[in-house]
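The values are calculated or read from the model by the stated rules, or taken from the named source; none is laboratory data. Note that the structure is a prediction, hence the values are computed from the model and not measured. Heads up, the Cβs are rebuilt from the backbone with ideal geometry, glycines too, and the neighbour counts pull from every protein chain shown.
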């Protein structure tokens, strides 16, 4: 084997290693892009769920207030009926 053949063999081996390294980097980059896309989707979902939760909490507060008013109205009506029955 001549020096040129030996040098060509080393060069070919180095090119093969470089190609393999580049291919691994491409795979890693694709995986990173996929993870970033998933992260972005999760962030969007989280924001939508947070907004929905805020709306539900607001609705729950409104319903609790209505419940309290209805309970007070019923209590007043019951008291009024008791007074009427007591006077009768």
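Pairs only if they're at least six apart or on different chains, beta carbon under 7 angstrom, first in region 24-44 and surrounded by 10 or more Cβ atoms within 10 Å (Cβ to Cβ), second modelled with pLDDT of 95 or more; list them, first residue then second.
Close Cβ pairs (under 7 Å, with a partner that is modelled with pLDDT of 95 or more) do not exist here.
Given the criteria part of a helix (DSSP H, G or I) and either under 23 Å from the mean Cα position of the chain (by Cα) or at pLDDT below 95 (or both), does residue 25 qualify?
Answer is no for this residue.
Under 18 Å from the mean Cα position of the chain (by Cα), part of a helix (DSSP H, G or I) and surrounded by 10 or more Cβ atoms within 10 Å (Cβ to Cβ): which single residue out of 51, 59, 65 fits that description?
51
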